[in-house]
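See structure below.
The values are calculated or read from the model by the stated rules, or taken from the named source; none is laboratory data. From a predicted model like this one, the values you see are computed outputs, not experimental measurements. Here the Cβ positions follow ideal geometry from the backbone for every residue, glycine too, while neighbour counts run over all protein chains shown. The protein model used for the area step is the full one, side chains on, heavy atoms only, and it has no ligands, DNA or RNA in it. Shrake-Rupley method; radii C 1.70, N 1.55, O 1.52, S 1.80 Å.
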Amino acid sequence: MRVLVVEDEPDVRRAVSEYLREEGYAVDSANDGEDGRYKANAWDYDAILLDVMLPKIDGWALLAEIRKTKKTPVLMLTARDAVSDRVRGLDTGADDYLVKPFELSELAARLRALIRRSAGQPRPVIEIGDVMIELASKTVTQANEPVNLTAKEYSLLEFLAIHRGKLVTRTMIYEHLFDEDEDSLSNLTDVYVFNLRKKLGRDFIATRRGQGYMIHG
Ligand code: CA
C-alpha cells in the first residue's frame, strides 16, 4: 500500500514516514500544499495523510481539490480540537481526522481501517483456502502454521488478496508497493512472487502472461 504524507513540519513528516515504512507501506511525502497537490494528482495513493496548516495551499483547499477528481481516503491532521474543524473536515470530504499531537500507533491503526474500508474489506481477516491473512497484525498462517514473510512479500500478498478474483497488473504493483525513493525494477516483483509461491504453494498465485498476477478468491 502506498500513502502520501503532506506535512510541513520536518520532524513530524520524518517520524510518520519512518513509522509507516516500518509498517510495510510505501511512503511518499510532500512538504507544502503545492507539492502535495502535484503528487496527489500524479499517483493513485491508497490513502493521503493531510496536515491542515500548510504553506502555499492549506489542507482544506487541497482536500477540496483532491475531492474534485479522486476518492482516495484522506486522514486530516489537525492542530486544534475544535468541533468546527472536525465538522468542516468531514463536510469537505475527509474520511477521518486526528488531533495533534497523536500517537503513531493510533495513526497507523486509523490508516489501516481507512484503507480496508475503501477497498471494500471491512473485516480485518482475509481467508483464501487454508491461508489466513490478519491485516491488523500483518501475520499469515497456512493450515494454522505461521508463514514467515518479508515486509515486501507481505505487502504484495496483501495487495493481491485484497484484489482477489481480479487481475493485478504489473503497473498496479509498481504504483502501490514502491515509493518515490525506491528503485522498483520490475524483475524484483518476479522474485517476490517466486518467494510467495515457494512459501504458500505453486498454484496460490496465477500468472497472466504479459499482464500480471491473480489470486483466485
Ligand atoms: Ca503544519
Q. When Lys and Arg each count +1 and Asp and Glu each count -1, what net charge do the other residues less than 13 Å away from Leu114, Cβ to Cβ, add up to?
A. +1
Q) For Tyr25, Tyr97, what's the largest-to-smallest order of accessible area, 1.4 Å probe? A) Tyr97, Tyr25
Q | Prolate/oblate/rounded label for segment 107-217 (Cα gyration tensor, a/c 1.5) | A | rounded
Q | Qualifying trypsin sites (Lys or Arg not before Pro) for segment 63-108 [loop in DSSP, other Cβ within 10 Å: at most 11] | A | Lys71
Q | Accessible carbon and sulfur surface of the chain relative to its total accessible area, %, 1.4 Å | A | 49 percent
**Q.** the chain - charge dipole about Cα centre, Lys and Arg +1 at Cβ, Asp and Glu -1, debye rounded to 20
**A.** 1020 debye
Q: For the chain, find the longest principal axis of its Cα atoms and tell me its angle to the long axis of helix 151-162, 0 to 90°, nearest 10.
A: 90 degrees
Q | Within-15-Å neighbourhood charge of Gly217 [Cβ basis; K, R +1; D, E -1] | A | -1
Q: Could I have the simple spin-label model distance between Glu18 and Glu182, label points 7 Å from Cα toward Cβ, reported in nm to one decimal?
A: 1.9 nm
Q: Starting from the amide H of Leu77, placed 1.01 Å from N in the peptide plane, find each other amide H under 5 Å away whose residue is 5 or more places distant or on another chain.
A: Leu50, Asp51, Val52, Leu98
Q) Which one of Ser105, Ser17, Ser84 has the biggest mean-square fluctuation once the chain is modelled by GNM with Cα springs under 10 Å? A) Ser84
Q.
Over the chain, with a Gaussian network built from C-alpha contacts below 10 Å, which listed residue (Leu160, Leu188, Leu75) shows the highest mean-square fluctuation?
A. Leu188
Q: Would you calculate a helix-derived [θ] at 222 nm for the chain, using -39,500 (n - 2.57) for each DSSP H run of n ≥ 4 and dividing by the full residue count, to the nearest 500?
A: -13500 deg cm²/dmol
Q | Residue-level accessible surface for Phe204, protein heavy atoms, 1.4 Å, Å² | A | 30 Å²
Q | All-pairs Cα distance distribution in the chain, expressed in whole percent, bin size 10 Å | A | 8, 34, 33, 18, 7, 0
